[in-house]
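Below is a structure I'd like to ask you about.
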Amino acid sequence: MLQRVEAGTKTINDLYVLRIREFPDETAKEFVEALLRKELGIKKPSPQLLDAFLRIIGIPIPYFLQILVRESLTEKERRGEKKLSEGIIEAAYQNGVLACYNRTYFEHYYERIEDYYEQELAEIAKALLSELAQIGRLSKKELWDLFMQKTQGKGNEDDFSYLLSDLENDFYIVHDATDDRYRFATKVLQDWWLRYHTA
């Protein structure tokens, strides 16, 4: 985006880049365990229960884990159950975390594309993300083909490169070096995009 506001890298060379990353799995489990201890008084949740939280949420971002734990407790109370189960956590994810009343947690991901990307590139970005949400993983070549389709063959490599960089820097997508493909940065964002922003 710097290029679009005519601010080169010299403008921010003195800034330190701080990347906020997901928890390692063991830290994530400790985090969930602490939340459950505080909210339910569960002194030692089973390893299977902790694994379920991580499997269902995907990449363990603390913010998303907090939402899932809160929704799981709500779902447990709604059902009148005494104990949490994997089924309750899964239902909490589908019917709570991704529910329309929680759209405020994620809608800014959609809205900021229109706010910060040029109009044509905003539409292309949304199309790329919708395709990625449905398919799961796409190569750079596949994304390029879609980019060219959306620009009716008039796109250029610089715009495409900047668009991919922006989507990565804005935490929509990541490049997975293991198979040289792009995917959504988090399972939650992919599932949310799939539910609300694909036809």
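The values are calculated or read from the model by the stated rules, or taken from the named source; none is laboratory data. Since the structure is predicted, the reported quantities are computational estimates derived from the model, not experimental observations. Every residue, glycine among them, receives a Cβ derived from its backbone with ideal geometry; neighbour counts consider all protein chains shown.
For region 168-195, give me each residue that is assigned to a strand (DSSP E or B), in contact (Cβ under 8 Å) with a residue 12 or more places away in the chain and among the hydrophobic types (A, V, I, L, M, F, W, C).
Within region 168-195, Ile173, Phe184 qualify.
Let me ask something additional. So is Leu167 out of contact with any Ser or Thr (no Cβ under 9 Å at 6 or more places or on another chain) and surrounded by 14 or more Cβ atoms within 10 Å (Cβ to Cβ) or not?
yes
Using beta carbons and a limit of 7 Å, which pairs, at least six apart or on different chains, have the first residue in region 17-28 and surrounded by 10 or more Cβ atoms within 10 Å (Cβ to Cβ) and the second one in a helix (DSSP H, G or I) and at pLDDT 55 or above?
So the pair list comes out as Phe23/Phe31; Phe23/Pro62; Asp25/Leu54; Ala28/Leu54; Ala28/Leu65.
Take region 71-112 and flag every residue that is within 22 Å of the chain's Cα centre (by Cα), at pLDDT 90 or above, part of a loop (DSSP other than H, G, I, E, B) and surrounded by 15 or more Cβ atoms within 10 Å (Cβ to Cβ).
Result: Leu98, single match.
Quick check on region 113-164: of everything there that is among the small types (Gly, Ala, Ser), surrounded by fewer than 16 Cβ atoms within 10 Å (Cβ to Cβ) and in contact with a helix residue (DSSP H, G or I) (Cβ under 9 Å, 6 or more places away or on another chain), which residue is farthest from Gln190 (Cα to Cα)?
If we take residues in region 113-164 being among the small types (Gly, Ala, Ser), surrounded by fewer than 16 Cβ atoms within 10 Å (Cβ to Cβ) and in contact with a helix residue (DSSP H, G or I) (Cβ under 9 Å, 6 or more places away or on another chain), then Ala127 is farthest from Gln190 (Cα to Cα).
Looking at Lys38, Lys29, which one is part of a helix (DSSP H, G or I), basic (Lys, Arg), touching a helix residue (DSSP H, G or I) at 6+ places or on another chain (Cβ under 9 Å) and at pLDDT 90 or above? Don't jump to the end; show me each part of the working.
On the way: Lys38 fails: touching a helix residue (DSSP H, G or I) at 6+ places or on another chain (Cβ under 9 Å).
Matching residue, one of Lys38, Lys29: Lys29.
Kindly list the number of the only condition in (1) among the polar types (S, T, N, Q); (2) without any contact (Cβ under 8 Å) to a residue 60 or more places away in the chain; (3) farther than 25 Å from Glu22 by Cα that fails for Thr198.
Of everything listed in (1) among the polar types (S, T, N, Q); (2) without any contact (Cβ under 8 Å) to a residue 60 or more places away in the chain; (3) farther than 25 Å from Glu22 by Cα, Thr198 misses just condition (2).
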